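Every read-out reported here was derived from the displayed coordinates using simple, explicitly stated rules and does not represent laboratory data. Bear in mind that the values here come from a model prediction, so they are computed numbers and not experimental data. Here Cβ is always computed from backbone atoms with ideal geometry, including for glycine, and neighbour counts include all displayed protein chains.
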Amino acid sequence: MSTPLLNEISIPGKKGCALPECDVPEQELSDLFPAEHLRDKPAELPEVSEPELVRHFTNLSSKNYHVDKNMYPLGSCTMKYNPKINDAIASLPGFAEVHPEQPVETIQGVLQLYYELEQLLCEITGMDAFTLQPAAGSHGELVGVMIMRKYHKMQGNKRKYIIIPDSAHGTNPASVAMGGYEALEVQSNDRGLVDVNDLKNIITDDVAGMMLTNPNTLGLFEEDIREITDVLHDVDALMYMDGANMNALLGITRPADFGFDITHLNLHKTFSTPHGGGGPGSGPIGVVEHLKKFLPRPAIVYDEAQDFYDFDWELPDSIGKIHGFYGNYGMMVRAYTYIRMLGAQGLKELSKNAIINANYLRQQLTDTFDLPYTQHCMHEFVLSGNQQKKRGGKTQDIAKRLLDYGFHAPTIYFPLIVKEALMIEPTESETKKTLDQFADVLKTIDKEIDDTPEKVKEAPHTTPLRRLDEVKANREPNLRW
Ligand SMILES: *Cc1c(COP(=O)(O)O)cnc(C)c1O
């Protein structure tokens, strides 16, 4: 059943809340604002009762798919469970009710949390300094590229390219282009890893750096990472790690240890702050010591003698300001809570469980689907629906049919180097029972492709909306309710 809009159930004069008596002198709006900024008539806001409002949003939320409802194996996006304690802490008035323009002496606790979170991220990645300002992973990438630019400018290097593997996330080439460089593609070898010979062929001193995801988007650890970083460093190029997916590495190994100079982290993936539905995100970046001076303004500093936290704006070599304030604060509180709750040992267990879950599920599915790369995976793995497509069930059909069984679909058709890709990331949150159920459903759908093909091709059948006619939506878009 479709849920009406609030405007459709609105009745003039109905009220959902009672305002207290006005205890200050009333003012005419026209005394406060210039006439051209005033409306001719009041805005058409819905007028509904409190229960109507609560039911409206509760109904919508139960139509929506979310990780509190069931498994959400969307590869590369790390849709792990977000512990509720994170939200409870972030809602404490001392965090939730501060104003970004408050004098620093009144927000010492806020700054201390920023400072300590940066220290924790340094410890986790091996980097020497962090900024929490970037508001998304892709924003972190852009900031990383800007730092590369500044570095080469100061070195007097003329550089043109940033190397990116053919398996890279789409944001990587986009950030490179926005940062004023050209993307130069390096091939993957038949094991799904960077082809070091190809890398050696394309490297020149026109290269500013390399952007590499590790584990890569196939869920595989780049085994030749030391050699790769040496090849780049030999021409004074910088290594950037797309660390959006740190879920397999926590407490086990660190980007700085295998030679990366810059990395971003996605707090909204690895550190369980909510995402999907538009964020807000957070993509802090960390750098090694010699790049610290280029980080964006301001930096958070701590004066031990005075026991005082402050913003430092006096950073002459900084790339400048990249965000209105110091990042999305609520996300910092959630990530900080998550890291502190788990502790060093807990984070390591988390990564081990993410790896075990992915390998277990992969093993359950290898008889049913093609597996283009056969070595053990890290936190995620990529299957191919090639066989299923030949029998009449495309990857897209399988993804839609999964919705009927109450599971969110995996990431599909990415990475681009795998045909009919299904990229599955179960995360550490899922139990063996849920993983078994998910594998069983995929096997059932595989059978349906032969036995009841229309069930698969016309799926989903049970969601509030059926499959959209994408061609029609493109040709005759109807954008009105
Ligand atoms: C999610 C992701 C990004 C981009 O992060 P956003 O916060 O969505 O901008 C970049 N690289 C990889 C590998 C990712 O999974």
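If you take the Cα centroid of the stretch 424-481 and the Cα centroid of the stretch 242-309, the two points sit 35 Å apart. Taking a ≥ b ≥ c as the square roots of the eigenvalues of the Cα gyration tensor, the stretch 6-63 is prolate, since a/c reaches 1.5 or more and a/b is larger than b/c. Database remark: amide H of G243 closer than 5 angstrom to the amide H of H264 (H placed geometrically; neighbours at sequence offset of 5 or more, or on other chains; Pro and chain starts carry no H). For the cross-link pairs K63/K455; K389/K432; K15/K63; K389/K455, the ones whose C-alpha atoms lie over 24 Å apart are K389/K432; K15/K63.
The peptide list 154-162, 90-98, put in order of mean Cβ contacts within 10 Å with the highest first, becomes 154-162, 90-98. Partners of K153 within straight-line reach, counting lysines whose Cα lies under 17 Å from its Cα and excluding those fewer than 8 residues away in the same chain: K292, K293. Sorting the segments 106-119, 412-425 by their residues' average number of neighbouring beta-carbon atoms within 10 angstrom, most packed first, yields 412-425, 106-119.
Taking θ as phi - 60° and the Karplus parameters 6.51, -1.76 and 1.60, the scalar couplings of the stretch 266-272 work out to 9, 4, 7, 10, 4, 10, 6 Hz in sequence order, x denoting glycine and proline.
Rounded to the nearest whole Hz, the Karplus-based 3J(HN,Hα) values (6.51 cos²θ - 1.76 cosθ + 1.60, θ = phi - 60°) of the stretch 399-415 follow the sequence 4, 5, 5, 4, 4, 5, 8, x, 10, 5, 6, x, 5, 10, 6, 8, x, with x at glycine and proline.
Kirkwood's formula applied to the C-alpha pairs of the chain gives a hydrodynamic radius of 25.1 angstrom. Close amide H partners of V186, meaning residues 5 or more places away or on another chain with modelled amide H under 5 Å apart, are I164, D166. Shown in residue order for the stretch 378-386 are the 3J(HN,Hα) couplings computed by the Karplus curve 6.51 cos²θ - 1.76 cosθ + 1.60 at θ = phi - 60°: 9, 8, 8, 8, 10, 9, 10, x, 4 Hz (x for Gly and Pro).
Rank by packing, highest mean first: peptides 463-469, 326-332, 386-392, with packing defined as the count of other Cβ atoms within 10 Å averaged across residues.
For the peptides 463-469, 326-332, 386-392, the packing ranking is 326-332, 386-392, 463-469.
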